[in-house]
Amino acid sequence: MILEDRIEANVMIWRERMNRLIKEHGDYVISNVTVAQICSGIRGVPIQISDISFVEPESGLRYRTYSINEVLNLLPRAEGSRYPLTGGIYYLLMGNEIPTYAKAMQVEDEWRKRAQVPKYVYDIIDAFPETASPMSMFSAAILSMSAQSKFYQEYQKGMPKDKYWYVMLDDSLDLTARTPRIAAYIYNKKYRNNQQIQPDENLDLAANFAHMLGNDDPAYAELMRLFMLLHMDHENANVSAHTAHLVGSALSDIYLSCSAGLNGLSGPLHGLANQECCNWLLNLCKEYNGVPTTDQIREYVLKTLAEGRVIPGYGHAVLRCVDPRFTAQMEFGKRNLPDDVLFRTAMNVFAVVPDILKATGKVSNPWPNVDAITGTLQQHYGIKETDFYTVLFGTSRIMGFTAHVVWARALGKPIERPKALTTRMLEAMISGSSYR
Ligand code: CMX
């Protein structure tokens, strides 16, 4: 199985490093948790070790230590393309190595072989009412594939612990091969009168996804290659990735884990922000009949803030810089759609919003995040339905979830069980009295 040799070659080294840390430095204190942190979403409290990706506040996302620019430059590209093959990015996250073109293509081939979605999954999607959100349909479809889980079947037969990750990887390859087809099915069912488009086996995963969404413009295939690269992972402590990891820590199979992660991604403070941001930009253009001037944008931003709302696509819980994922998409836009009304608007907003947010004196990060521009690019290529954008996001992010879950099983990570305190306990700790 693809990637098995890479993980096998690495796993003993990483296990030894982790065991040494626990054995020799198990008592080393790395942080003190404050009452304020406990009361504000355990913000910034280190909760686990994960080497697949991390976010540097001052420079942004790194995949296996490589910055976004390095990943864009070093990974093998699809033929005639400016952007890396999705199979190569998956190889890097899962296999901890920049792959050769042949290796990246092996992942793509593996996905081709495993892409068939069982018919009952489509039946489940069809059973949803018209009013259902595409994310609920997507999550339910993924959940339903738990019935196919090889991990679950082998676990029932008493599989030994050191085999867990092999079967988890097997399930992960099935899942990641199928999700673009499921997402495209939902899209065509919901917005294109159920006119389904057959996959094209000659295309790489991202280009095939673009094709199944109904756009065969080579530039859209390029956008989807970039999109898949930028959305695959963002450190294992954000809501969705951590949820998938937490559920997996109970030895739930990959489908249960990833469906749970997607439910977290569906929240407006997380994955849904790309939809909200695009709607905000569309309303801005509508209000001023086209690309608004700097003064008009300022007026609109101040109005949004005065209504007690946030400016979607700006700010971040960890980042303290322009998100490099925003920059990569901005560069794509400048090259491919410089005259697009919504793109020009997004650029003008970028020129105005940071100073306004800085002036509020309370926003920790006034800079744009990935969501500030994602929808703008999708709009240009005809994917106009903003409530579908989180499904696009999820199709890529599931790949990151699976890398974390497979590695957690490979390293023998235990079930997660932090501690909840009562208010009385906390008050007693502070006053030095007994809470009983
Ligand atoms: N517009 C207006 N106000 C903002 C703001 C924004 N874009 N970002 C932060 N603030 C405000 C907060 O609401 C908070 O105000 P109160 O003290 O009145 O509650 C204050 O600034 C301090 O917040 P913060 O420390 O800067 O930000 P948090 O870490 O609490 O929250 C985030 C981070 C992303 C939820 C927030 O910046 C936000 O709501 N941004 C807009 C939504 C968005 O773009 N989300 C996508 C994030 C990317 C992702 O996770 O996928």
Inset, instruction - For ARG77, enumerate residues with amide H under 5 Å from its amide H, sequence gap 5+ or separate chain, H modeled in the peptide plane. - result: LEU85
Inset, instruction - List the trypsin sites (Lys or Arg not before Pro) within the range 1-61 that fall in a DSSP loop (any state other than H, G, I, E or B) and whose Cβ has at most 13 other Cβ atoms within 10 Å. - result: ARG43
Legend entry - Under-5 Å amide H pairs with TYR314, H placed in peptide plane, nonlocal only: ASN369
Legend entry - Radius 14 Å from Cβ of ARG114, net charge of other residues (Lys, Arg +1; Asp, Glu -1): -2
Legend entry - trypsin sites (Lys or Arg not before Pro) restricted to DSSP loop in the range 389-429 with at most 15 other C-beta within 10 Å: LYS419
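Percent relative contact order of the range 273-380, based on C-alpha pairs within less than 8 angstrom and at least six residues apart?
Working: 133 pairs, mean separation 47.9, N = 108.
Once divided by the residue count of the range 273-380, the mean separation gives 44 percent.
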Inset, instruction - With θ set to phi - 60°, apply the Karplus curve 6.51 cos²θ - 1.76 cosθ + 1.60 along the range 145-162 and write out the HN-Hα couplings as whole Hz, x wherever there is a Gly or Pro. - result: 6, 4, 4, 9, 5, 6, 4, 4, 5, 5, 4, 4, 7, x, 3, x, 4, 6
Inset, instruction - Return the FRET efficiency for the residue pair MET12, LYS334: r is the Cβ-Cβ distance, R0 is 45 Å, and the value is rounded to the nearest 0.05. - result: 0.45
Inset, instruction - Please work out the average accessible area per residue across the chain, using the 1.4 Å probe convention, and give it in Å². - result: 45 Å²
Inset, instruction - Tell me the label-point distance for the pair ALA147, ARG298, using the 7 Å Cα-to-Cβ offset, in nm and rounded to one decimal. - result: 6.0 nm
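Which value at 222 nm does the chain reach when only helices count, each DSSP H run of 4 or more adding -39,500 (n - 2.57), with the total divided by all residues and rounded to the nearest 500 deg cm²/dmol? Mind showing how you got there, number by number?
On the way: 20 runs with 258 residues, N = 436.
The helix contribution divided over the chain gives -18500 deg cm²/dmol.
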Legend entry - Calculated P(r) tail over 21 Å for the range 1-108, as whole % of Cα pairs: 53 percent
Legend entry - Relative compactness, the range 164-318, computed as alpha-carbon Rg over 2.2 N^0.38 Å: 1.28
Legend entry - Spatial separation of Cα centroids for the range 84-147 and the range 251-305, in angstrom: 24 Å
Legend entry - Two-decimal Rg to Rh for the range 173-265 - Kirkwood Rh, Cα set: 1.03
Inset, instruction - Determine how large the accessible area of THR390 is when every protein chain is in place; take a 1.4 Å probe and give Å² rounded to the nearest 10. - result: 0 Å²
Legend entry - Segment MET425-ASP217, extension gain: residue separation times 0.36 nm, minus the distance between their alpha carbons: 68.8 nm
Legend entry - Computed P(r) (all Cα pairs; the chain; 10 Å bins; percent): 4, 20, 30, 26, 14, 5, 1
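Give, to the nearest whole percent, the P(r) tail of the range 273-380 beyond 18 angstrom, counting all Cα pairs.
Working: 2465 of 5778 pairs.
Above the 18 Å cut-off, the range 273-380 has 43 percent of its Cα pairs.
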Inset, instruction - Mind grabbing the accessible area of LEU74 for me, 1.4 Å probe, Å², rounded to tens? - result: 90 Å²
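Just add up the charged neighbours of LEU411: K/R +1, D/E -1, any other residue whose Cβ is under 12 Å from the Cβ of LEU411.
Numbers: positive: ARG15, ARG17, LYS161, ARG409, LYS413; negative: GLU16, ASP51, ASP162.
Overall, the nearby charge balance is +2.
Specify, per residue and in Å³, the volume enclosed by the convex hull of the alpha carbon atoms belonging to the range 230-322. Intermediate values should be presented prior to the final figure.
Details: hull volume 11.6 nm³, N = 93.
Residue-normalised Cα hull volume stands at 125 Å³.
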Inset, instruction - Between LEU305 and TYR28, take the C-beta separation as r, use R0 = 45 Å, and let me know the FRET efficiency to the nearest 0.05. - result: 0.55
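Rounded to the nearest percent, how much of the accessible area of the range 1-152 (1.4 Å probe, protein heavy atoms only) is carbon and sulfur?
Details: 4500 of 8300 Å².
Carbon and sulfur atoms account for 54 percent of the accessible area of the range 1-152.
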Inset, instruction - Calculate what fraction, in whole %, of the accessible area of the range 359-436 sits on carbon and sulfur atoms when a 1.4 Å probe is rolled over the protein chains. - result: 56 percent
Legend entry - Label-point separation, ALA250 to GLU56 (7 Å along Cα→Cβ), nm: 3.8 nm
Inset, instruction - Calculate one ³J(HN,Hα) per residue across the range 249-264 by plugging θ = phi - 60° into the Karplus curve 6.51 cos²θ - 1.76 cosθ + 1.60, and present them in order as whole Hz with x for glycine and proline. - result: 5, 8, 6, 5, 6, 5, 6, 5, 5, 6, 4, 4, x, 4, 5, x
Legend entry - Pairs beyond 26 Å (Cα-Cα), from LYS119/LYS189; LYS150/LYS190; LYS190/LYS303; LYS119/LYS384; LYS103/LYS150; LYS286/LYS384: LYS150/LYS190; LYS190/LYS303; LYS119/LYS384
Inset, instruction - With all protein chains present, calculate the accessible area of ARG178 using a 1.4 Å probe and round the result to the nearest 10 Å². - result: 20 Å²
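Only sites in a loop by DSSP and with at most 11 other Cβ atoms within 10 Å count here; which trypsin sites (Lys or Arg not before Pro) in the range 306-373 make the cut?
Working: sites: ARG309, ARG320, ARG325, LYS334, ARG335, ARG344, LYS358, LYS362; in loops: ARG309, ARG320, LYS362.
Filter output for the range 306-373: ARG309, LYS362.
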Legend entry - Centroid-to-centroid separation of the range 220-242 and the range 161-215 [C-alpha atoms, Å]: 15 Å
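The values are calculated or read from the model by the stated rules, or taken from the named source; none is laboratory data. This is a predicted model, so every value here is computed, not measured. Here the Cβ is made from the backbone with ideal geometry for all residues, glycine too, and neighbour counts use every protein chain on show. Ligands, DNA and RNA are excluded from the accessible area calculation, which covers all protein heavy atoms including side chains. Shrake-Rupley method; radii C 1.70, N 1.55, O 1.52, S 1.80 Å.
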